[in-house]
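Colleague: The structure under discussion is supplied below as C-alpha cells; questions concerning it will follow.
The values are calculated or read from the model by the stated rules, or taken from the named source; none is laboratory data. Predicted model, so just to flag it, every value in this text is computed and none were measured. Here the Cβ positions follow ideal geometry from the backbone for every residue, glycine too, while neighbour counts run over all protein chains shown. For accessibility, only protein heavy atoms count, side chains too; no ligands or nucleic acids. Shrake-Rupley method; radii C 1.70, N 1.55, O 1.52, S 1.80 Å.
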Amino acid sequence: MAYTSSLHLPKHLLLPNPRRTRHRPSSSVSFVPAAKASGVNGHAPEKQQPPQPNGKPRINGVNGHKGVNGVNGNKGVNGHVNGHADRIHLSVSTGGGGGQDGSGLRVAFQGAPGAYSEFAAKTALPGCDTVPCRAFADALAAVERGGADRAILPVESTMEGTALRNYDLLLRHDLVVAQEINLFVHYCLLAMPGVRAAEVRRVISHPMALAHCGRALARLGVDREPVEDTAGAVEMLRSNRMLDTAAIASPRAADLYGLDVLAHGLQDESWNVTRFLLLSRPHEAPVALPAYADAKTSMVVAHRGGSMAVLLKVLSAFSSRNINLTKLEVINNEGDGGGPDAAGAGAGARPPVMILDTSARGAPTLRAFPHVLYVDCAGAASDPRVREAIQEIEKFAVFVRVLGCYAADSTIYDLQ
C-alpha cells in the first residue's frame, strides 16, 4: 500500500513582483470565438489569473513578465510561429558552463516543442536551449551521456499527487536535484484556425490532461483520444490539418503553433500546480546557493520492515532539531513482508523501488527496497543540524541517499 502526501504549497507565496490583481475563481469553461482566440494570430491574450488556495491575489509571471513567449522580452521558446511554419526548430548549444540565466545550458525534456516541461525549463532558465526527448528516461539518459546539461521532470501536482512516479525514475540514475520550479498548468482547447467549437468531434491530448478536463469534455460531448504528450497532440493536429479535432494544451503552445484557442480554463479544478525538478550530473550541480535563497535538501530513506517505527524515528530526527519538512511521502508495500524476495511479490503488491547505490564500491549498483520515504527538508545538507539528522537516520535505516541540495523556490509561475 502506498501512502502519498500532497504537494506542499506555503500559505504565503514568495512573489517576485509586488503588483497584484484580483481573480474570481470559476470552474466554468470560458469559450471564445475563433476569430478572437486570445494570444493567437496577433490578438492580445486575455488576462486570466489562477487563484491561490485561499482565494487571495494572483500569482506572478516569470520575472515579472508574462511567461514563455514573453520571457525577458523574447517572443518565444525559439522564435514565434504565426500560422505559416509547419515545423518548430529548437537550437542546441554545445556550451556546458551556463550563465545565471542558463545561457549555454542544454535542458532535456519529455515531449514535443511547446510541452509544459519545456516551458518550465525556459521559466527556470530563460537562456537555455531545450532538447526534446520521447520519454522521461531518455531525458535523464541524455544528461548522463553528455547530450544535455540538465533534465527537467514533473514530479508531483496538486491534482495527481505523485502519480507520474518520476521520483522512482530519478532514483535509478546518478543525477542530483539542482533546482525546483512550480508551474500553474492552464489547459486550453486548441484547434486549427477558423474551426469552431461546434465542429469539434474529437479531442486529443496526454492521458493526464484528458483526465484533468473530464467534466468539461463530458459537457462538450466529444470523443477522447490519448497521445504521448500535450505538445505532441498540437503537433499532430497541425501537421495533419485536422478540422474535426481539437487538442488540450497550453495557451503558449497555441501561440507557438499558430492555432486558435476555443476555450480557456478547461481543467476541472481551478488550482492546478505542477512541481518540476531540474537534474544535473553530481559534479555539475551548483556549488553555492544565491545569498538571498533558502536551501532545501531532498533525500530518500529506504528500509525493509517496521515502516511505522522508521517513520517516527525519521520525524524525530528532524523535529528534535527544529528542522521543517516540506515533503514527506511514504511508499509502504505491505504485501511482501519486507523479506529478501521482495522483488517476487504477488501481482497485487506494489513492486519494490529500485535505487542506484552510488556509494557502493566499484560500479554503482541498483538495490531493491519495498519501503521508502521521500523527504524534503528546509536547510542545506552541509548545515550542522541537517547533517546530524541525516547521520542519526543512517543509524537505523538500511540506506540513505541525498538526492540534492538546492535553492527553495515556493513561487508559483504562471504562463499566462
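Colleague: Do you know which residues across the stretch 369-384 are surrounded by 16 or more Cβ atoms within 10 Å (Cβ to Cβ) and not β-branched (Val, Ile, Thr)? Show your work before the answer.
Modeller: Of the stretch 369-384, the ones surrounded by 16 or more Cβ atoms within 10 Å (Cβ to Cβ) are 369-381, 383.
Result: Phe369, Pro370, His371, Leu373, Tyr374, Asp376, Cys377, Ala378, Gly379, Ala380, Ala381, Asp383.
Colleague: If Gly194 satisfies all but one of (1) more than 20 Å from Ser298 (Cα to Cα); (2) in contact with a helix residue (DSSP H, G or I) (Cβ under 9 Å, 6 or more places away or on another chain); (3) surrounded by 18 or more Cβ atoms within 10 Å (Cβ to Cβ), what's the number of the condition it fails?
Modeller: So the condition that Gly194 fails would be (3).
Colleague: Further, regarding this structure: Mind listing just one residue for me: the one in the stretch 102-122 that is among the hydroxyl-bearing types (Ser, Thr, Tyr) and surrounded by 24 or more Cβ atoms within 10 Å (Cβ to Cβ) and, of those, nearest to the chain's Cα centre (by Cα)?
Modeller: Checked the stretch 102-122; the qualifying residue nearest to the chain's Cα centre (by Cα) is Ser117.
Colleague: Condition check: in contact with a Phe, Trp or Tyr (Cβ under 6 Å, 6 or more places away or on another chain) and modelled with pLDDT of 95 or more. Does Ala389 satisfy that?
Modeller: Values: in contact with a Phe, Trp or Tyr (Cβ under 6 Å, 6 or more places away or on another chain): yes; modelled with pLDDT of 95 or more: yes.
Yes.
Colleague: So, Ala231, is that one under 30 Å from Asp174 (Cα atoms), under 23 Å from the mean Cα position of the chain (by Cα), touching a residue at least 12 places away in the same chain (Cβ under 8 Å) and part of a helix (DSSP H, G or I) or not?
Modeller: Working: under 30 Å from Asp174 (Cα atoms): yes; under 23 Å from the mean Cα position of the chain (by Cα): yes; touching a residue at least 12 places away in the same chain (Cβ under 8 Å): yes; part of a helix (DSSP H, G or I): yes.
Considered against the rule, which asks whether it is under 30 Å from Asp174 (Cα atoms), under 23 Å from the mean Cα position of the chain (by Cα), touching a residue at least 12 places away in the same chain (Cβ under 8 Å) and part of a helix (DSSP H, G or I), Ala231 comes out as yes.
Colleague: Which residue out of Ala209, Ala233, Ala178, Ala253 is under 30 Å from Asp357 (Cβ atoms) and buried (at least 21 other Cβ atoms within 10 Å of the Cβ)?
Modeller: Ala178
Colleague: Of the residues Arg172, Arg134, Arg150, only one is farther than 21 Å from Phe119 by Cβ and open to solvent by 10 Å² or more (accessible area, probe 1.4 Å); which?
Modeller: Criteria check complete, one pass: Arg172.
For every residue, the table says whether it meets (1) touching a Gly at 6+ places or on another chain (Cβ under 8 Å); (2) under 26 Å from Ala209 (Cα atoms); (3) modelled with pLDDT of 90 or more.
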residue	(1), (2), (3)
Val77	yes, yes, no
Asn82	yes, yes, no
Asp101	yes, no, no
Leu105	yes, no, yes
Gln110	no, yes, yes
Tyr116	no, yes, yes
Phe119	yes, yes, yes
Gly127	yes, no, yes
Ala148	no, no, yes
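Colleague: Please determine, by comparing only the residues of the stretch 124-163 that are among the charged types (D, E, K, R) and in contact with a Cys (Cβ under 9 Å, 6 or more places away or on another chain), which one is farthest from Ser410 (Cα to Cα). I'd like the intermediate steps shown before the answer.
Modeller: At the first step, the residues of the stretch 124-163 found to be among the charged types (D, E, K, R) are 129, 134, 138, 144-145, 149-150, 156, 160.
Retained after the next criterion (residues that are in contact with a Cys (Cβ under 9 Å, 6 or more places away or on another chain)): 149-150.
Details: Asp149: 24, Arg150: 21 Å.
Selected residue: Asp149.
Colleague: Only one of these conditions is not met by Val372: (1) aliphatic (A, V, I, L, M); (2) closer than 30 Å to Ser320 by Cβ; (3) over 25 Å from the mean Cα position of the chain (by Cα). Which number is it?
Modeller: (3)
Colleague: In the stretch 395-407, which residues are under 21 Å from Thr326 (Cβ atoms) and in contact with a strand residue (DSSP E or B) (Cβ under 6 Å, 6 or more places away or on another chain)?
Modeller: Hits for the stretch 395-407 are Ala397, Val400, Arg401, Val402, Leu403, Gly404, Cys405, Tyr406.
Colleague: Scan the stretch 172-220 for residues that are within 30 Å of Phe369 (Cα to Cα) and among the acidic types (Asp, Glu) and jot them down.
Modeller: Asp174, Glu180, listed by residue number.
Colleague: Name the single residue, out of those in the stretch 256-276 being of a type in the set (Phe, Trp, Tyr) and within 30 Å of Asp376 (Cα to Cα), that is most open to solvent (accessible area, probe 1.4 Å).
Modeller: This residue is Trp271.
Colleague: Taking helices (runs of 4 or more DSSP H) that do not extend beyond the stretch 98-212, which have at least 3 residues that are over 21 Å from Ala231 (Cα atoms)? Let's see the steps before the verdict.
Modeller: Details: elements: 116-124, 136-144, 166-171, 207-212.
Counting at least 3 such residues, we get 136-144, 166-171.
Colleague: What number of residues in the stretch 239-250 are open to solvent by 10 Å² or more (accessible area, probe 1.4 Å) and within 28 Å of Val273 (Cβ to Cβ)?
Modeller: Counting residues in the stretch 239-250 that are open to solvent by 10 Å² or more (accessible area, probe 1.4 Å) and within 28 Å of Val273 (Cβ to Cβ) gives 0.
Colleague: I'd like the residue in the stretch 197-206 that is surrounded by fewer than 15 Cβ atoms within 10 Å (Cβ to Cβ) and modelled with pLDDT of 95 or more and, out of all such residues, is farthest from Asn272 (Cα to Cα). Please lay out each step first, then the result.
Modeller: Looking only at the stretch 197-206, we keep the residues that are surrounded by fewer than 15 Cβ atoms within 10 Å (Cβ to Cβ), and these are 198, 201-202.
The next check asks that each one be modelled with pLDDT of 95 or more; those that pass are 201-202.
On the way: Arg201: 26, Arg202: 24 Å.
Of everything passing the filter in the stretch 197-206, Arg201 is farthest from Asn272 (Cα to Cα).
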